[in-house]
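Heads up, the thing below is written out as structure tokens.
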Amino acid sequence: MTTHSGKEKEIEQDWDIYWADKDKSSNAVYDFLAGIYRKLVVKNILNHFVRKHFSKGEKVLHAGCGSGQVDIDIAKHIDITALDISSNALKIYKKVHGSNAKTVLGNIFSLPFPDNSFDGLYNLGVLEHFTQDEIQQILKECKRVIKSGGKILVLWPPTFGFTVFILDSAHFILNKIFRMNVKLHPDEITRVKSRQHAIETFEGAGFKMVEYYFGIRDIFTQAVVVAEK
């Protein structure tokens, strides 16, 4: 049986491989298109909801920051601390944001911060890589480091999202038809099924649902969940 620490080590290795030498990746076409998608679609929807739910100057944790491409605009609105389990991701984040970027190496099961450290927290492309039980652990840890009344903002791929359909189709064609054994990104274990699924998940971790959005603003690619401690 894999221990919790063993699982965390596997996750760290998976993401370090994913973020290593992105410009030299064997999945260079996917990486290029994913970068465009993050900049043109995800960044815009994140900008909208961050400005809607976080006040200017608030201290906010990006828990699972990845490359940081989507943070470029909101870094002018909120005070971001960027955390990731992958040292390779943090190197890219610093290249994108410069030497003043506040980055922390750590994992979301055990955030290296005291209780009530942040006014809010956000991430995208994170929850779907974990089981429902693991998501509960993650959300409870996120709740711990957020101040009372603070919000968590999550972009969570839905079961019937547009990009989910595209990626699943690409994996099927590449691996089942052409037998290329290609893995474009770490496995997405738990996609959000519905608004009710999101409510039960976040309320189960002690949050109160504030907003749930799935619509045309990002071409039906992400479910946006906002909840309050």
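For Glu211, Glu228, the ranking by accessible surface with the largest value first comes to Glu228, Glu211, using a 1.4 Å probe. Model label points for Lys147 and Ser55, set 7 angstrom from Cα along the Cα-to-Cβ axis, are 0.8 nm apart. One chain, two ends: Ile189 and Asn116. Fully extended at 0.36 nm per residue, the span grows by 23.3 nm beyond their Cα-Cα distance.
The values are calculated or read from the model by the stated rules, or taken from the named source; none is laboratory data. All of these numbers come straight from a predicted model, not from anything done at the bench. So basically every Cβ, Gly included, is an ideal-geometry build from the backbone, and we count neighbours across all protein chains shown. Only protein heavy atoms, including side chains, enter the accessible area calculation; ligands, DNA and RNA are left aside. Shrake-Rupley method; radii C 1.70, N 1.55, O 1.52, S 1.80 Å.
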